[in-house]
Amino acid sequence: MNWLDTLVQGLLLGGLYALFAAGLSLVFGVMRLVNLAHGDLIVLAAYLILMITTALGINPFLAALFALPVMFALGWVLQTYLLNRVLGEDILPPLLVTFGLSVVIQNVLLQGFTADSRKLAAGAIESQSLPLGPVTVGVMPLMTLVTAVLVIVVLNQVFYRTALGRAFRATSDDMVTVQLMGIQPQRVFAIATGIALVVATIAALFLGTRSNFDPSIGPARLLYAFEAVIIGGLGSLWGTLAGGLIIGVAQALGAAINPEWQILAGHIAFVAVLLVRPRGLFPRAND
Amino acid sequence: MTLLSITDLTARYGDFQALFGVDIQLEPGETIAIIGANGAGKTTLMRAITGIVPPSGGSIRLQDRDLTRAPAPEILKAGIAMVPEGRRLFPSLTVEENLLIGGQKRQGNGFWTLARIHELFPILAERRHSPATALSGGQQQMVAIGRALMSNPEVLLCDELSLGLAPVVIKEIYASFPMIRQSGTAIIVVEQDIGQAMKVADRLYCMMEGRITLSGRPGDLSREAIHDAYFGVSHA
Amino acid sequence: MTQISNLTQSRSFSFALIALLAVVMALLPFFAPRAVVQDLFMILALTVLALNWNMLAGFAGLVSVGQQAFVGIGAYTAFAGVILYGLDPLTGVLIAGIVAMVLSIPVAFFTFRLNGAYFAIATWVVADILRLAFSQWKAVGGGTGTSLPKGTTKDMLGVQAIKDALDVSSAAAADTMLYWLVLALALVTLVASYMFLRSRMGLGLQAIRDNVNAARSVGVDPLRLKALVFLLTAFGTGICGALIFLQLGRITPNSAFAVTDWTAFVIFIVVIGGIGTLPGPIIGAVVFYILKRLLSDYGSVYLIVLGLIGIAIMLFARRGLWGMLKERTGFDLLPLSHRPPAAVQTTKEGALT
């Protein structure tokens, strides 16, 4: 086994997991909401891109551009008409509602698209690779990782450099006082979930171009994403990226030893990190 | 024309009634103080005016606008800003960001800007990049006042500015009032400190058990009358 | 006074009703066809899982999405006992419960480090770890699973007697035996839950749910109580898992550790019936079964309907069908005198504190 190659492939895979996790991390950071339907929403976005690709006969990258505003609107509507109604002290209602949503999305997709696995055809770029020092990396996996880093950078900029980000942080701090600033928490939450689904759409693009997907794969993606978020520390976007990379590397190492151990190795890394650091690697100071 | 008129206002938390038919008038440019002991209903009144606790009866009008059941963000946009009890700064935001968020949804006549707030409280310019909660209590109070001013409100509500602060710090805080008054903002201060209230206010309202028990100009009210209205003891 | 006597009356009425129902259900195999007995077996098994999950989420505040872990452990323990050690299936069932409970200790040690929603994810991860780990156990078939040796359940203790008494095939007699076992398990779980919830510990548990600090100040240790509930429900869930897979006769890691079958359905059953109420899971199981039968010709549509009903219940009637019924009629089966999860309004917070 080539250790360096395994490590690099793991980091590249981790980029995908960081993309799965970034939206989840944002939503948790802003409103302490754990969205159990996040994985299924990513899969939904992948089907949306697929539909646009086939309907307009265009490249999935272009199709994703059309999917982004649709998914933003979906997030906005979902938050405004469903999730805002169940957010509160009691964690049970939001958990059960997003769990219900997860089952509904999965089975609606199953009804609409059957259980057959699909793929987004990105063309020649899929098989292209670059020599990078002693290892060779695929162009698509590299793009995934670069995109993940960019997404985290942009989200951080939004979070810490814009009026919207101020509203995100202030609302997360104190939902009542922020209303005295003329800010409606419900609207802030709706925008946050909209952005989370935009990121989910980007994740879906790379998920769908890299591998097959079918309506049932959402919950597994959700688990990887959650592991990344929790390992990184709740509410820290850079932590989420680190968490994604750790899960990716652990899975790649596990797979290198025995292909059946890939997922198991990721889970075990998660458990190991939490046993040592229950609050994750980069916990936010005032939580 | 009266700037803010509160008529027959009642408010309740579930079965507990906290305000009983409160009437308050605020004229343009005026500063009034509402005094009363703990539990007299002062803070509930502030929360009712700002829409955090919706009133159960009566009315709140700002000039000719009825704000009685408007949600809190609408009330800020209409021109009523509050410095809440306990300051309630946003710990994730820096000093400057706390100020900026105050003016995010309303700039009013634009008199109060970051620069003007820094002029009013120079220390806030120095500490602009510190996390808001790293400041001393008095400095935090300055941030809270500045944050409310950033929306250039018609009416500024100050809930218990002096709570938990040393006398010298309280003096420093109230020293900012002349400039605030100059900017044209009318002010309602809620105070437990009667002496401080009498110094800054054009008129006083005394509250007890959810009712206004006395009102008038500080010069016209005797110490005994205020004492009675405050504590509810009779000197018969 | 009238309230107290009402409570006592409704309590005696509840016991009478449940006893009657139990007797009718126990006698069912004597006149109902085998298919009905098999159907009822599955409803009862889901009811047992629902009663256990309701104890966790509805009373102890432990929203687990990983109870399939204990179904799987129980099922695999029973299969291993029968296949590898030649145990009687009944002994295997009992050991299944014990193994599930013992393994729940390290699981609790890990998952209890996380709060609320993250506890839910952690339990799910643990269940997935177990699914993958059991896929590696070649002696019981690894990833492709295995079947019970032919005739295992027919040789089970008591099956011969049933066969003679009812004059049926030994397969039907085995079904009857398993049906009676799961019926007994459901009754025991219901009665044990009731007694536990009305005990000092159970009242402490409900106090914790309503206010952690208040409970602590009257001398209830929330962590220990929650851990106890976690262990006990792992026991019940493990036994139930063993019974389910003895009935099915075939096991794979994916079926034994299925989040949909053993946790999603169960969550919907509890939510629809009424979370935090004792009769809720029973009502929910009946509704679930009816829905499944009604929509059986439309593939996975019943799952969509189930999800939508679950969401609607959380939005409009958090106490579920049982809560609605109770509100309308004022009648309560198995009254515990406590409140369901509070509906917290986020639009207008009452206070700044």
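Listed values, structure above:
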read-out	value
Any hit, segment A:126-134, residues being within 29 Å of A:L83 (Cβ to Cβ), polar (S, T, N, Q) and assigned to a loop (DSSP other than H, G, I, E, B)	no
Meets criteria (facing another protein chain (nearest Cβ under 7 Å) and in a helix (DSSP H, G or I)) for A:Q111	yes
Residues of segment A:127-175 that turn out to be of a type in the set (D, E, K, R), farther than 17 Å from A:L234 by Cα and in contact with an Asp or Glu (Cβ under 9 Å, 6 or more places away or on another chain), as a count	1
Tally of residues being in contact (Cβ under 8 Å) with a residue 40 or more places away in the chain and surrounded by 19 or more Cβ atoms within 10 Å (Cβ to Cβ) across segment A:84-110	13
Residue under evaluation B:G79, criteria (1) at positive phi; (2) facing chain A (nearest Cβ under 10 Å), criterion not met	(2)
Contacts under 8 angstrom Cβ, first residue in segment C:287-302 being within 11 Å of another protein chain (Cβ to nearest Cβ), partner of a type in the set (D, E, K, R) and part of a helix (DSSP H, G or I), 6 or more apart	C:Y302/C:K292
Residue check for B:I194: more than 23 Å from B:E74 (Cβ to Cβ) and of a type in the set (V, I, T)	yes
Residue list for segment A:31-53, restricted to those being modelled with pLDDT under 95 and part of a helix (DSSP H, G or I)	A:M31
Residues being modelled with pLDDT of 85 or more, within 30 Å of C:D210 (Cβ to Cβ) and not hydroxyl-bearing (S, T, Y) - total across segment C:6-58	14
Scan of segment A:89-108 for residues that are out of contact with any Pro (no Cβ under 8 Å at 6 or more places or on another chain) and within 7 Å of chain C (Cβ to nearest Cβ), ordered by number	A:E89, A:I91, A:L95, A:L96, A:V97, A:F99, A:G100, A:L101, A:V103, A:V104, A:V108
One residue from A:G15, A:G57 being modelled with pLDDT of 95 or more and more than 23 Å from A:N107 (Cα to Cα)	A:G15
Residue match in segment A:209-222 (condition: within 14 Å of chain B (Cβ to nearest Cβ) and in contact with a Phe, Trp or Tyr (Cβ under 8 Å, 6 or more places away or on another chain))	no
Any hit, segment B:121-139, residues being at the interface with another protein chain (Cβ under 10 Å from one of its Cβ atoms) and under 15 Å from the mean Cα position of the chain (by Cα)	no
Close pairs (7 angstrom Cβ cut-off, 6 or more residues apart or separate chains): touching a residue at least 60 places away in the same chain (Cβ under 8 Å) and facing another protein chain (nearest Cβ under 8 Å) in segment C:308-320, of a type outside the set (S, T, N, Q) and surrounded by 21 or more Cβ atoms within 10 Å (Cβ to Cβ) anywhere	none
Of the criteria (1) under 29 Å from A:R32 (Cα atoms); (2) in contact with a helix residue (DSSP H, G or I) (Cβ under 9 Å, 6 or more places away or on another chain); (3) surrounded by fewer than 19 Cβ atoms within 10 Å (Cβ to Cβ); (4) within 14 Å of chain C (Cβ to nearest Cβ), which one A:Y81 fails	(2)
Single condition C:P89 does not satisfy, out of (1) touching a helix residue (DSSP H, G or I) at 6+ places or on another chain (Cβ under 7 Å); (2) within 14 Å of chain A (Cβ to nearest Cβ); (3) not basic (K, R)	(2)
Restricting segment C:102-137 to residues that are more than 8 Å from every other protein chain (Cβ to nearest Cβ) and not in a helix (DSSP H, G or I), the residue that is farthest from A:T98 (Cα to Cα)	C:W137
Residue check for A:G243: on the phi > 0 side of the Ramachandran plot and surrounded by 22 or more Cβ atoms within 10 Å (Cβ to Cβ)	no
Hey, C:G66 outside any loop (DSSP other than H, G, I, E, B), touching a residue at least 24 places away in the same chain (Cβ under 8 Å) and either among the basic types (K, R) or buried (at least 16 other Cβ atoms within 10 Å of the Cβ) (or both) or not	no
Filter result for B:M150 (within 18 Å of the chain's Cα centre (by Cα) and either more than 18 Å from B:E85 (Cβ to Cβ) or among the charged types (D, E, K, R) (or both))	yes
Helices (runs of 4 or more DSSP H) within segment C:154-254 that include 3 or more residues touching a helix residue (DSSP H, G or I) at 6+ places or on another chain (Cβ under 7 Å) and at pLDDT 85 or above	C:170-198, C:222-248
Residue satisfying all of: in segment A:177-211; modelled with pLDDT of 95 or more and not in a helix (DSSP H, G or I); farthest from A:L245 (Cα to Cα) among these	A:G182
Residue within segment A:214-228 that is of a type in the set (K, R), buried (at least 24 other Cβ atoms within 10 Å of the Cβ) and in contact (Cβ under 8 Å) with a residue 60 or more places away in the chain present	yes
Every residue from segment C:138-153 that is assigned to a helix (DSSP H, G or I) and either over 19 Å from C:A171 (Cα atoms) or modelled with pLDDT of 85 or more (or both)	C:K138, C:A139, C:V140, C:G142, C:G143, C:T144
Qualifying residues in segment A:246-282 (those that are buried (at least 16 other Cβ atoms within 10 Å of the Cβ) and not hydrophobic (A, V, I, L, M, F, W, C)) - the one nearest to the other protein chains (Cβ to nearest Cβ)	A:H267
Which numbered condition A:G39 fails, given (1) over 15 Å from A:L109 (Cα atoms); (2) within 14 Å of chain C (Cβ to nearest Cβ)	(1)
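To keep it simple, each residue is scored yes or no on (1) farther than 30 Å from B:K105 by Cα; (2) touching a residue at least 24 places away in the same chain (Cβ under 8 Å); (3) surrounded by 23 or more Cβ atoms within 10 Å (Cβ to Cβ).
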| site | (1), (2), (3) |
| --- | --- |
| B:I145 | no, yes, yes |
| B:V168 | yes, no, no |
| B:M208 | yes, yes, no |
| B:R217 | yes, no, no |
| B:R223 | yes, no, no |
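Yes or no, residue by residue, for (1) under 14 Å from B:S5 (Cβ atoms); (2) charged (D, E, K, R); (3) in contact (Cβ under 8 Å) with a residue 24 or more places away in the chain; (4) not in a strand (DSSP E or B):
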| site | (1), (2), (3), (4) |
| --- | --- |
| B:Q25 | yes, no, no, no |
| B:P28 | yes, no, yes, yes |
| B:N38 | no, no, yes, yes |
| B:T44 | no, no, yes, yes |
| B:G51 | no, no, yes, yes |
| B:P55 | yes, no, yes, yes |
| B:E74 | no, yes, no, yes |
| B:G86 | no, no, yes, yes |
| B:K105 | no, yes, yes, yes |
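The values are calculated or read from the model by the stated rules, or taken from the named source; none is laboratory data. Note that this is a predicted model, so its numbers are computed, not measured. When we count neighbours, we look across all protein chains shown, and the Cβ atoms used for this are built from the backbone with ideal geometry, even at glycine.
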